[in-house]
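Peer 1: Before I ask anything, let me first share the structure, which is written out below as structure tokens.
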Amino acid sequence: MIRVMVLYLCFALPVLASPVERDEPAFRTALAAWLNGDEAAALPAFAVLAWAGNTEAQILLARIDTGDMWQGDWLRSQSRAARIALMRRTGGLSGQSWMEVAAPNAPRAALWSRLGSVEAAPGIIAEFLAHGEPAAAGMAARMLARRAVTGFAGAGPLPEALAPFAAADGTPGPDGLPDLSDHPMINALCARFCSAEADVCARDVYSSIGGYLGTLSLGPPSEVITPMASFADSPMGLATTRRAMRGPDLKAVPACMTQD
């Protein structure tokens, strides 16, 4: 049903001479719906735009497709076939990631695609930062370290939050790590649900997310599309942080955090 609806809407669109970008009204409307937690309205609309050549919609769908913390109940309730039809381009048994489609036309998409390859090196961290994607830079550092990639120290100057990777030339040890608990996503969640005990809440949420390493990649799918500050306290941003709280210390979260 979703596939039929998306194709119908695609054929109903006028032929576009160039890809629609993130300032296109249809994209802004879909993004507003998604930030408000309305996946049923937003994701099919993004799919229509992706098929029409909108690289920003392609990037966003691909990021959501591969990130559990950005997937709400509606998307999770879809069948495998429906999810593939909605979130990916047709091709093969499992479809084709929209990131691969966007990569030739969007440098940010090319970075995410390259990160998934065995050729990815620590220099990609600085490239993500240069393209306005600091959370993706943190994700890249974690992924490369898990693959036992080395060379972090020679990859150029890293921000303070990522300096431990250069010092360890890989996954940093547990000692001397920066405290990232004063994070916009954590602060927004605690202000919304636990304002009376925000400090305690922040420490417990930070622990439940996985502390330093877990918090590095916490944020929106793309900070170019949705800046951290505006994403953090949106319904989707709040839900994202709650979904990220799956660590072993989840039981330590204050009772107020379990209330809807």
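Peer 1: Mind ordering 94-103, 31-40, 113-122 by average Cβ neighbours within 10 Å, highest first?
Peer 2: 94-103, 31-40, 113-122
Peer 1: Can I ask one more? Going by the alpha-carbon gyration tensor, a ≥ b ≥ c the square roots of its eigenvalues, is the stretch 205-249 rounded (a/c under 1.5) or, if a/c is not under 1.5, prolate (a/b greater than b/c) versus oblate?
Peer 2: Working: a/c = 2.87, a/b = 1.76, b/c = 1.63.
Because a/c hits 1.5 or more and a/b exceeds b/c, the stretch 205-249 counts as prolate.
Peer 1: Pull up all non-local amide H partners of GLN96: gap of 5 or more, or a different chain, and H-to-H distance under 5 Å with H placed in the peptide plane.
Peer 2: It is ARG89, THR90, GLY91, by chain and number.
Peer 1: Something else about it: What shape does the stretch 66-178 take by its C-alpha gyration tensor, where a ≥ b ≥ c are the square roots of the eigenvalues and a/c under 1.5 counts as rounded, a/b above b/c as prolate, and the rest as oblate?
Peer 2: Details: a/c = 2.50, a/b = 1.84, b/c = 1.36.
Verdict is prolate for the stretch 66-178.
Peer 1: Hey, rough spin-label estimate for ALA168 and ARG147, points 7 angstrom out along Cα→Cβ, what's it come to in nanometres?
Peer 2: Placing both labels 7 Å along Cα→Cβ, they lie 1.8 nm apart.
Peer 1: At 7 Å along Cα-to-Cβ for each site, give me the label-to-label distance between ASP179 and GLN96 in nm.
Peer 2: 4.9 nm
Peer 1: Largest first and in whole Å, give the semi-axes of the stretch 17-129's equivalent ellipsoid, each being the square root of 5 times a Cα gyration tensor eigenvalue. Walk me through the numbers on the way to the answer.
Peer 2: Values: eigenvalues 100, 58, 41 Å².
Ellipsoid semi-axes (Å, largest first): 22, 17, 14.
Peer 1: May I pose another question? Cα centroids of the stretch 27-62 and the stretch 126-159: how far apart, whole angstrom?
Peer 2: Answer, in whole Å: 28.
Peer 1: Another question about this same structure. Hey, of (1) 0.98; (2) 0.94; (3) 1.05, which did the structure itself give for Rg/Rh (Cα atoms, Kirkwood Rh) when calculated?
Peer 2: (1)
Peer 1: Right, something else. Starting at the first residue of the stretch 171-177, write each ³J(HN,Hα) from the Karplus equation 6.51 cos²θ - 1.76 cosθ + 1.60 with θ = phi - 60°, in whole Hz, x for Gly and Pro.
Peer 2: Residue by residue, the stretch 171-177 yields 5, x, x, x, 9, x, 7 Hz.
Peer 1: What nm value, rounded to one decimal, do you get for the distance between SER230 and ARG203 when each label is placed 7 Å out toward the C-beta?
Peer 2: Each label point is offset 7 Å from its Cα along the Cβ direction, giving 3.5 nm.
Peer 1: Oh, and also: Taking 0.36 nm per intervening residue step and subtracting the Cα-Cα distance, what contour gain separates ASN105 from ASN36 on full extension?
Peer 2: Values: separation 69, 0.36 × 69 = 24.84 nm, distance 2.88 nm.
Roughly 22.0 nm would be gained on extension.
Peer 1: Please give the peptides 43-56, 72-85, 193-206 ranked by average Cβ packing (other Cβ atoms within 10 Å per residue), highest first, as a rough proxy for protection. Could you put the intermediate results ahead of the total?
Peer 2: Values: 43-56: 23.6, 72-85: 14.7, 193-206: 18.3.
Taking the mean over residues of other Cβ atoms within 10 Å, the ranking is 43-56, 193-206, 72-85.
Computed from the coordinates by the stated procedures, all read-outs in this text should not be read as laboratory data. Computed from a prediction, not measured in an experiment: that's the story for all the values here. Neighbour counts run over all protein chains shown; Cβ positions are idealised from the backbone, glycine included.
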